[in-house]
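Structure first, then comments.
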Amino acid sequence: MKYDFESFIDRDPAVRGTGKYRIMKDSKGNKPPKGIVPLSVADMEFKTAPCVIEAIKAEADFGVLGYHRLTDSFRESCCNWMKTRHDWDIKPDWIVPFEQVVPALYCSVWTFTEPGDGILIQTPDYHHFTGATVNTGHKVLENRLVADEKGHYTIDWADFEAKAREAKLFFLCSPQNPTGRVWTEEELRKMGEICNKYGVMVVADEIHHDLIQPGYKHIVYASLGQEFADNCVMCTSLSKTFNLAGLCYASIIIPNDSVRAKFQKQMGLQAFMHIERFGPVAHEAAYRHGAEWLDELIQVIKGNYEYVRDFFAKNFPKVVVTELEGTYLVWCDFRSFGLSDAEMKVFLTDECMLYLDNGTEFGEAGSGYQRINVACPRKTLADALDRFLEAAKKRGLAQ
Ligand SMILES: Cc1ncc(COP(=O)(O)O)c(C=O)c1O
């Protein structure tokens, strides 16, 4: 490996304000001892790529930090990335700069729907899809994904179509968080055809689109053809890929001129005005020089996923670990333990000192599951699983 994915980084929350550490508490509200790393929240335990750090330093050295607008050079770098990594031709002016993906989900809801309208969501879901629906007075139309005995998720098509008939907007999560599915072209096409048939606007959250495991291919929804591109808003960012979430930048890519104009008008009404300066600078550096770092990262994620999978296969064969197709978030079914969600939380946080994302954070469909973030040094992961094994033995949970 040319890059460092092994060093432990002390992200002391008292000093750094690191979000995922600050919310880490056991069931009694106690903080864990120093050194415990949360394997929760989509935020990696790696430094970003060196090319990104250099670009940020250079911008800081320039020293004038006034209002920022996207440069032509940024737009060109984003177009090149989409072409080379995703075989998707985009025009520079399709890119709408935005502060983050989640506010863009809300903005899409305000742009394309009226309060009370139905929004189609596939569950278990990244909780902000439900949030952006419920908090704005809309109705959740749930299309529950179906898992087989190996934890592979597919779509209940009859239900999808029934819900699409009532919906005004569909939140497509591609790749899917938390199940790690990378949708096939056939699945995407079928979802898109149904949405187009019923006039449902597709808001494709593709924030994890660069984190694809070998053997899988991410297809950008809008690249499926003109009729799909004309009826969608594509939300993306390198914030997951290069661990830049604290820089708050996202590119909302909207191919159709009138859809884009409508979205931008709503942005004005919601007072979404300026973007932060370092986010685009970091993105451009990553787009131009980060591919090699990313390719190594994907290998590290693959190795860590396999470590988790093999650990459970050896020690707890009834725990179902869903195959990781994309993202760095491993979805595990612990229902064989026979613990309630509340008991599981006590077991994990108080007995294992393990901070994962409870499946219920992704809705009822996630009950009995946990999501494990494996984007961390191998030793961090191994220590966490060792604590799990010890605590499970003490509880008599061996299978
Ligand atoms: C599917 C998905 N969308 C959006 C986000 C958050 O994006 P942002 O920080 O740009 O709002 C996440 C973060 O985990 C995510 O998993």
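The values are calculated or read from the model by the stated rules, or taken from the named source; none is laboratory data. Quick caveat: nothing in here was measured; it's all calculated off a predicted structure. Note that we place each Cβ from the backbone using ideal geometry, even for glycine, and neighbour counts take in every protein chain shown.
Return the only residue of TYR67, TYR106 being closer than 24 Å to ARG144 by Cβ and hydroxyl-bearing (Ser, Thr, Tyr). Going through TYR67, TYR106 in turn, the sole match is TYR106. As a summary of the residue check, ALA282 satisfies the conditions (1) over 18 Å from the mean Cα position of the chain (by Cα); (2) of a type in the set (A, V, I, L, M, F, W, C); (3) within 16 Å of the ligand (Cβ to nearest atom); (4) not in a helix (DSSP H, G or I) except for the one numbered (4). Across region 33-56, the number of residues qualifying as out of contact with any Lys or Arg (no Cβ under 7 Å at 6 or more places or on another chain), assigned to a loop (DSSP other than H, G, I, E, B) and at pLDDT 90 or above comes to 9. Filtering GLY151, GLY137 for residues that are under 22 Å from the mean Cα position of the chain (by Cα) and among the small types (Gly, Ala, Ser) leaves a single hit, GLY151. Of everything listed in (1) over 24 Å from VAL41 (Cα atoms); (2) under 19 Å from the mean Cα position of the chain (by Cα), the single unmet condition for CYS235 is (1). Within region 233-248, residues that are more than 17 Å from CYS107 (Cβ to Cβ) and assigned to a helix (DSSP H, G or I) sit with their Cβ atoms under 8 Å from residues that are more than 7 Å from the ligand (Cβ to nearest atom) and of a type in the set (Gly, Ala, Ser), at 6+ positions apart or across chains, in these pairs: LEU247/GLY279; LEU247/ALA282. Apart from one condition, HIS138 fits all of (1) crowded, with 17+ Cβ neighbours inside 10 Å; (2) within 16 Å of the ligand (Cβ to nearest atom); (3) of a type outside the set (A, V, I, L, M, F, W, C); the exception is (2). Every condition in (1) out of contact with any helix residue (DSSP H, G or I) (no Cβ under 8 Å at 6 or more places or on another chain); (2) within 12 Å of the ligand (Cβ to nearest atom); (3) of a type in the set (Ser, Thr, Tyr) is met by THR184 except one, and the failing one is (2). Output yes when any residue across region 225-232 is aliphatic (A, V, I, L, M), on the phi < 0 side of the Ramachandran plot and in contact with a Leu (Cβ under 9 Å, 6 or more places away or on another chain), and no when none is. No, every residue in region 225-232 fails to be aliphatic (A, V, I, L, M), on the phi < 0 side of the Ramachandran plot and in contact with a Leu (Cβ under 9 Å, 6 or more places away or on another chain).
Once region 99-126 is narrowed to residues that are of a type in the set (Phe, Trp, Tyr) and away from the ligand (no atom under 14 Å from the Cβ), the residue that is surrounded by the most Cβ atoms within 10 Å (Cβ to Cβ) is PHE112.
So in region 191-219, with the set limited to residues that are among the charged types (D, E, K, R) and within 16 Å of the ligand (Cβ to nearest atom), which one is nearest to THR84 (Cα to Cα)? Residue satisfying both the conditions and the ranking: ASP210. Inspect all residues belonging to region 35-53 and state whether any of them is free of Cβ contacts under 8 Å to residues at least 40 places away in the same chain, outside the structural domain of TYR221 (by TED's automatic domain parsing) and under 26 Å from ILE372 (Cα atoms). Yes - at least one qualifying residue is present in region 35-53. For region 320-352, filtered to residues that are crowded, with 19+ Cβ neighbours inside 10 Å and assigned to a loop (DSSP other than H, G, I, E, B), the residue that is farthest from the ligand (Cβ to nearest atom) is PHE334.
Residues checked against (1) under 24 Å from THR322 (Cβ atoms); (2) part of a helix (DSSP H, G or I); (3) basic (Lys, Arg):
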site	(1), (2), (3)
TRP183	yes, no, no
GLU186	yes, yes, no
MET191	yes, yes, no
GLY199	no, no, no
VAL202	no, no, no
GLU227	no, yes, no
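Please find, within region 154-181, the residue that is farthest from SER108 (Cα to Cα) out of those that are away from the ligand (no atom under 14 Å from the Cβ) and of a type in the set (A, V, I, L, M). Restricting to residues being away from the ligand (no atom under 14 Å from the Cβ) and of a type in the set (A, V, I, L, M), the top hit is ALA158.
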